[in-house]
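Below you'll find the structure, written out as structure tokens, and then a few comments.
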Amino acid sequence: MTSLAPARHVILRSPRERIALRLPVRALVVIGLLVLALLALSAVSLATGSYGVSLNELVETLRGITISRAIDNVVWEFRFPRTLAAALVGAMMALSGAALQTVTRNGLADPSLVGVSQGAALAVVAVMVLFPQLGPIYRPWLAFGGSILVAVLIQWLSHTREGSNAIRFILMGLGVSAFISSITSALMTYGEIDRALSALAWLAGSINAATWGDVLTLAGWSAVLLPALLVMSRAMAAMRMGEAAAIGLGAPVQLVRPALVTVAVGLAAIATSVVGPLGFVGLIAPHAARRLAHAGMGFHLVLTALIGALLVGAADLIGRAAFALIQIPAGLLTALIGVPIFIVLLARAQVRPQ
Amino acid sequence: MNDIAASPAPSAPPLRAWSGVPLLIAVLGALFLLHIAVGAKSLPIGTVVDALTAFDPAEFDHVIVMNLRLPRAVIAVVVGACLSVAGALMQGVTRNPLADPGLLGLTAGASFAVVMATALFGLTSMALIPWIAAAGALAAALVVYFIARWVPGGATPLSLTLAGAAISAFLAACISIAHLLSEDTFMNLRVWLTGSLAGRDITVLVYTGPWLAIAMLLSLALARQVTVLAMGDEVAQGLGVRTTSLKLQILVAVVVLTAGSVALAGPLGFIGLVIPHVVRLYVGADYRWIVPYSALAGAAYLLAVDIVARIAIPPQEISTGIITAMVGAPLFVHLVRRRSR
Amino acid sequence: MHAGVGRKDSVAAAPSRLEALSVDAGYAGVGILKGVDLAVPTGKVTILVGPNGSGKSTFLKTLARILAPTAGAVLLDGKDIHQTNTRAVAEKLGLLPQGPVAPEGLTVRELVAQGRYPHQSLLRQWSRADEAAVNHAMKVAGVADLAERPVDTLSGGQRQRCWIAMVLAQETDLLLLDEPTTFLDLKVQVDLMELLASLAHKTGRTLVVVLHELSLAAAYADHLVMMRDGQIVCAGAPKTVFTAERLREVFDLEAHVLDDPVTGRLVCVPFGARARAALPA
């Protein structure tokens with residue numbers, strides 16, 4: 001016998017077994033707690049800022065009662081979209097990381113480490129600087145196109161005859177990212193100073209300027225991409241066993257692999273198009289989810305999304321509240337948290353003989 | 001009984017190696033003059049030569065050359081040479097083709113130390129900057145090394161590079177935050193941090209120059225032993241090299257060269273990666289040749305890059321670091337891809 | 001006594017369910033297999049052996065539809081396996097790939113439950129049939145006691161048993177295994193081969209196994225297939241194909257083949273040039 005207590009599960013079966021699920025109790029509890037934490041964080045985020053709002057005032061405002069014009073304006077027009085955008089972006093980056101880690105079977109994968117965010121950034125900055133008349137509506141599409149190109153490039157580059165090694169794949173991504181970033185920087189030098197400045201703010205991964213329009217963009221794309229990810233969750237679980245084993249189990253790997261890459265790139269690209277590159281969220285969230293609760297792929301994805309939302313929400317809140325008038329972009333804070341975790345993960349990386 | 005094992009690494013044919021030196025010096029000289037000649041106001045090469053040989057303070061063009069253009073060209077030469085030699089030594093001693101002061105976090109460490117000293121202690125003394133940069137570079141080098149040691153499989157080229165990238169990302173985020181928090185202090189550091197040769201203060205060279213010269217001489221003196229070390233620690237020990245003491249001396253040389261370069265020009269990436277690889281194509285595996293060639297070629301390379309940076313998209317000027325990254329990153333990808341491990 | 005060889009000769013051979021018809025295959029334009037034909041005997045242990053680069057693993061991958069042939073076809077129950085819905089194939093044919101690595105932290109039960117993939121859907125992931133199959137598979141493979149342990153904390157032999165349990169939970173009649181014994185201790189190798197042989201001989205499953213160890217292959221094969229340079233050199237009962245001439249032809253190996261009087265199994269004793277010089281002419 002083992003000393004480890006077996007994880008407890010609730011088995012849910014409909015009479016004719018159309019629905020038959022084995023639900024991990026711990027994961028369900030953790031999900032509940034994370035939802036509560038996210039709600040609490042959102043409340044604090046809505047109340048905090050240069051214009052303080054008390055909890056009572058906040059509740060009244062959210063119920064549609066106008067206390068003052070200023071409070072209405074601050075809460076509804078600035079903080080609410082910003083809070084929602086932070087949560088959505090966090091969830092999207094986290095899920096993108098989870099999908100990339102599954103596809104590449106590489107625990108170090110993250111959209112910003114493998115060049116996906118940089119590809120989106122280059123495409124957006126190029127258009128911001130070269131064709132300033134084009135509105136921000138096109139940004140998600142541009143970001144998506146740029147990211148897909150980079151993702152394909154890196155897949156092609158890291159595919160060698162001996163198969164791909166986890167660390168080499170990441171290094172390849174870093175090299176490509178450095179190259180793309182240098183082009184982005186050159187473009188910003190070329191552009192007029194004010195355009196370059198707006199691009200610069202965006203590039204630091206800041207959620208400052210999120211509007212309801214941005215929230216709609218994020219929510220609309222999520223409504224398409226998240227169900228797609230859920231449908232693929234079973235195949236993702238099989239693919240964690242390796243490509244050959246997954247095919248042996250009957251998972252449609254040839255179909256799911258490109259679809260999964262597309263969804264992962266899409267999630268990262270849309271999030272990037274709105275707030276700029278946010279590093280390390282996609283790296284941390286899936287690992288944190290695994291530590292918090294052991295669960296099948298479906299619940300794992302839910303946990304990952306919630307953790308990502310909390311992470312970026314907290315980073316945004318700290319970034320704007322910690323130093324009062326100066327706003328620290330959330331992307332810088334996620335990098336500060338993310339790098340030490342990356343190093344720990346690197347130290348534990350399995351060196352796989354392929 | 002077996003004298004084959006005792007012979008040092010195969011060296012390039014001396015004639016061929018020597019033949020490149022005058023050529024390289026000629027190219028370096030030409031680029032140096034060209035670098036001074038081009039700019040917002042183009043000057044004829046003849047005027048440049050006049051200004052350098054027979055300076056006339058009354059002549060406006062001569063003043064431009066001596067006060068604005070010459071310092072920048074000198075700094076490009078010094079920084080290009082130092083970073084390339086640092087990269088070559090690191091590649092030799094760690095047997096890591098991906099080694100580069102920028103990639104392994106030394107540059108970020110030096111920048112971070114200077115930024116923090118400026119932000120927290122209001123550092124203004126030029127004399128101290130090289131020392132602070134050196135401390136930062138050394139600390140970063142050690143942290144990166146110990147992280148890589150911690151990775152299963154040990155300090156391989158790949159794990160070292162990845163650890164270097166992680167530390168660089170971390171320090172870059174710290175620098176950005178410090179930047180945001182005290183904007184005033186950073187007015188003069190801002191351009192410096194992008195790795196640009198524009199508007200450099202030549203007085204820094206007065207303080208860093210002597211140290212860089214000593215480190216450069218030390219590098220040339222150690223080059224012969226690096227060739228042996230590059231064949232492996234056991235081989236080197238078998239040939240009578242005291243590897244620990246040698247590695248320590250090389251570390252000192254690399255840190256001083258990197259810190260001096262960062263103090264002069266800010267973080268410039270990929271030069272130390274690119275140049276030794278190019279040089280090796282010509283002179284082979286002998287560090288007695290690689291080190292001096294890297295110095296000359298690195299100086300010429302940075303001059304060329306800086307010329308491009310200034311004339312590519314007038315009237316703007318691209319940061320030199322952007323162009324070195326644009327050239328260096330593809331080579332980096334190629335080297336990672338080629339590694340079979 | 002004659003653990004592998006003896007008893008099937010008396011049973012009328014069932015028709016083959018898995019056939020390769022002049023298959024060519026390879027990677028990235030480099031051809032490895034050249035016109036390979038094989039009818040896998042039903043209810044028996046077929047073992048593929050050959051020197052490194054002989055194409056035995058490539059052949060197994062082609063049989064398992066991991067690799068599409070460039071010419072020829074693999075038929076499962078008379079239908080081209082590469083044209084059939086992959087999930088429908090997975091209900092009939094299971095695969096244990098070479099050197100599988102379980103994701104970090106996955107427990108044995110979770111790994112084995114993954115074998116139920118072709119029988120499940122998004123909302124039906126733990127039916128009674130699933131539960132029964134997983135428990136049974138763990139019992140047969142001898143890992144029921146380890147059910148809640150993370151796979152990555154187990155020994156190599158235990159881990160390989162978990163993977164076999166996963167393939168068993170798939171409840172397929174045909175099992176393909178790529179070098180299941182590599183890097184294991186000899187005792188563990190023998191135990192695993194005993195388990196695999198009993199699957200064929202007691203439950204009527206059809207097994208195709210790629211093996212590196214010649215003596216194990218000779219001991220446990222009902223049908224031994226020797227490959228070299230992407231082609232099948234010979235195939236048949238070990239008694240007929242496991243000979244000194246064949247070993248020289250296929251492996252360039254100088255060896256004696258002895259018949260162990262106790263087990264009735266064939267043993268190969270390799271020798272180098274020096275040993276041969278000392279032999280009586």
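The values are calculated or read from the model by the stated rules, or taken from the named source; none is laboratory data. The structure displayed is predicted, hence computed values, not measured ones. FYI the Cβ positions are ideal-geometry reconstructions off the backbone, even for glycines, and counts take in every protein chain you see. These accessible areas exclude ligands, DNA and RNA; they are computed on the full protein's heavy atoms, side chains included. Shrake-Rupley method; radii C 1.70, N 1.55, O 1.52, S 1.80 Å.
Summary table
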{"read-out": "Where chymotrypsin sites (Phe, Trp or Tyr not before Pro) in DSSP loops with at most 16 other Cβ within 10 Å are excluded, longest remaining stretch of chain A", "value": "A:52-322"}
{"read-out": "Those aspartates and glutamates that a straight Cα-Cα span of less than 18 Å connects to B:LYS247, excepting residues fewer than 8 apart in one chain", "value": "B:ASP100, B:ASP233, B:GLU234, B:ASP286"}
{"read-out": "Counted charge near C:CYS268, where neighbours are those whose Cβ lies closer than 13 Å (Asp, Glu -1; Lys, Arg +1)", "value": "-2"}
{"read-out": "Stokes-Einstein D in µm²/s, Kirkwood radius over Cα pairs - region A:82-351 at 4 °C with 1.567 mPa s viscosity", "value": "70"}
{"read-out": "Residue-count net charge about A:ALA98 - beta-carbon cut-off 12 Å; Lys, Arg +1, Asp, Glu -1", "value": "+1"}
{"read-out": "Alpha-carbon Debye profile of chain C, log10 I(q)/I(0) at 0.07, 0.11 Å⁻¹", "value": "-0.27, -0.66"}
{"read-out": "Point-charge dipole on Cβ atoms (K/R +1, D/E -1) for the protein assembly as shown, about Cα centre, debye to 20", "value": "1620"}
{"read-out": "Estimated D of region A:279-328 in µm² per second, where Rh is the Kirkwood radius over Cα pairs and Stokes-Einstein applies at 4 °C, 1.567 mPa s", "value": "110"}
{"read-out": "Residues with amide H under 5 Å from that of C:ALA71, placed H, sequence gap 5 or more", "value": "C:ASP24"}
{"read-out": "For C:ASP80, net neighbour charge (Lys/Arg +1, Asp/Glu -1) across residues whose Cβ lies under 13 Å away", "value": "0"}
{"read-out": "Scattering profile of region B:193-270 at q = 0.17, 0.18, 0.26 Å⁻¹ [log10 I(q)/I(0), Debye over alpha-carbon scatterers]", "value": "-0.72, -0.77, -1.13"}
{"read-out": "Over 29 Å (Cα to Cα) - which of C:LYS79/C:LYS239; C:LYS56/C:LYS239; C:LYS34/C:LYS92; C:LYS34/C:LYS202; C:LYS34/C:LYS139 fall in this group", "value": "C:LYS79/C:LYS239; C:LYS34/C:LYS202; C:LYS34/C:LYS139"}
{"read-out": "Inverse mean reciprocal Cα-Cα distance (Kirkwood Rh) of region A:72-186, Å", "value": "15.6"}
{"read-out": "List B:MET326, A:MET239, ordered by accessible area with a 1.4 Å probe, largest first", "value": "B:MET326, A:MET239"}
{"read-out": "Charge dipole magnitude, Cβ of K and R +1, D and E -1 - chain A, Cα centre, debye nearest 20", "value": "1280"}
{"read-out": "Taking chain C and dividing mean pair separation by its residue count, relative contact order in percent (alpha carbons under 8 Å, at least six apart)", "value": "24"}
{"read-out": "Selection of trypsin sites (Lys or Arg not before Pro), region B:55-129, meeting DSSP coil and at most 15 other Cβ within 10 Å", "value": "B:ARG95"}
{"read-out": "Mean projection area, nm², convex hull over Cα of region A:4-116", "value": "12.7"}
{"read-out": "Chain C: most fluctuating residue of C:ALA244, C:ALA14, C:ALA71 per GNM, C-alpha cutoff 10 Å", "value": "C:ALA14"}
{"read-out": "Qualifying trypsin sites (Lys or Arg not before Pro) for region A:102-187 [loop in DSSP, other Cβ within 10 Å: at most 11]", "value": "A:ARG161"}
{"read-out": "5 angstrom amide H check on A:HIS9, placed H, neighbours 5+ away", "value": "A:VAL25"}
{"read-out": "Mean projected area in nm² (Cα convex hull; one quarter of hull surface) for the protein assembly as shown", "value": "50.8"}
{"read-out": "Region B:14-340 - convex hull of the alpha-carbon atoms, volume per residue in Å³", "value": "143"}
{"read-out": "Point-charge dipole on Cβ atoms (K/R +1, D/E -1) for region C:168-281, about Cα centre, debye to 20", "value": "340"}
{"read-out": "Kyte-Doolittle mean at least 1.6 and Cα axial length at least 27 Å: DSSP H helices in chain B", "value": "B:14-37, B:70-94, B:129-150, B:157-181, B:243-265"}
{"read-out": "Equivalent-ellipsoid semi-axes of region C:67-222, from the Cα gyration tensor, Å, largest first", "value": "23, 22, 14"}
{"read-out": "Relative contact order (percent, whole number), chain B, Cα cutoff 8 Å, 6+ residue spacing", "value": "31"}
{"read-out": "Share of alpha-carbon pairs per 10 Å distance bin for region B:290-336, given as whole %", "value": "26, 42, 28, 4"}
{"read-out": "Kyte-Doolittle mean at least 0.0 and Cα axial length at least 24 Å: DSSP H helices in chain A", "value": "A:25-47, A:80-104, A:139-158, A:166-190, A:212-231, A:253-275, A:297-321, A:330-348"}
{"read-out": "Where chymotrypsin sites (Phe, Trp or Tyr not before Pro) in DSSP loops with at most 14 other Cβ within 10 Å are excluded, longest remaining stretch of chain C", "value": "C:1-182"}
{"read-out": "Residue of B:ILE271, B:ILE313, B:ILE202 that the Gaussian network model of chain B assigns the largest fluctuation, springs spanning Cα pairs under 10 Å", "value": "B:ILE313"}
{"read-out": "Cβ-based charge dipole, the protein assembly as shown, positive-most Cα from C:VAL112, B:MET231, B:GLY46", "value": "C:VAL112"}
{"read-out": "Restricting region B:255-341 to chymotrypsin sites (Phe, Trp or Tyr not before Pro) in coil, as DSSP defines it, with at most 15 other Cβ within 10 Å", "value": "none"}
{"read-out": "Placed amide H near C:ALA237: partners under 5 Å, 5+ positions off or other chain", "value": "C:LEU224"}
{"read-out": "Spatially proximal aspartates and glutamates relative to B:LYS41 (Cα-Cα < 19 Å; intrachain offsets below 8 disregarded)", "value": "B:ASP50, B:ASP56, B:GLU59, B:ASP61, B:ASP306, B:GLU317"}
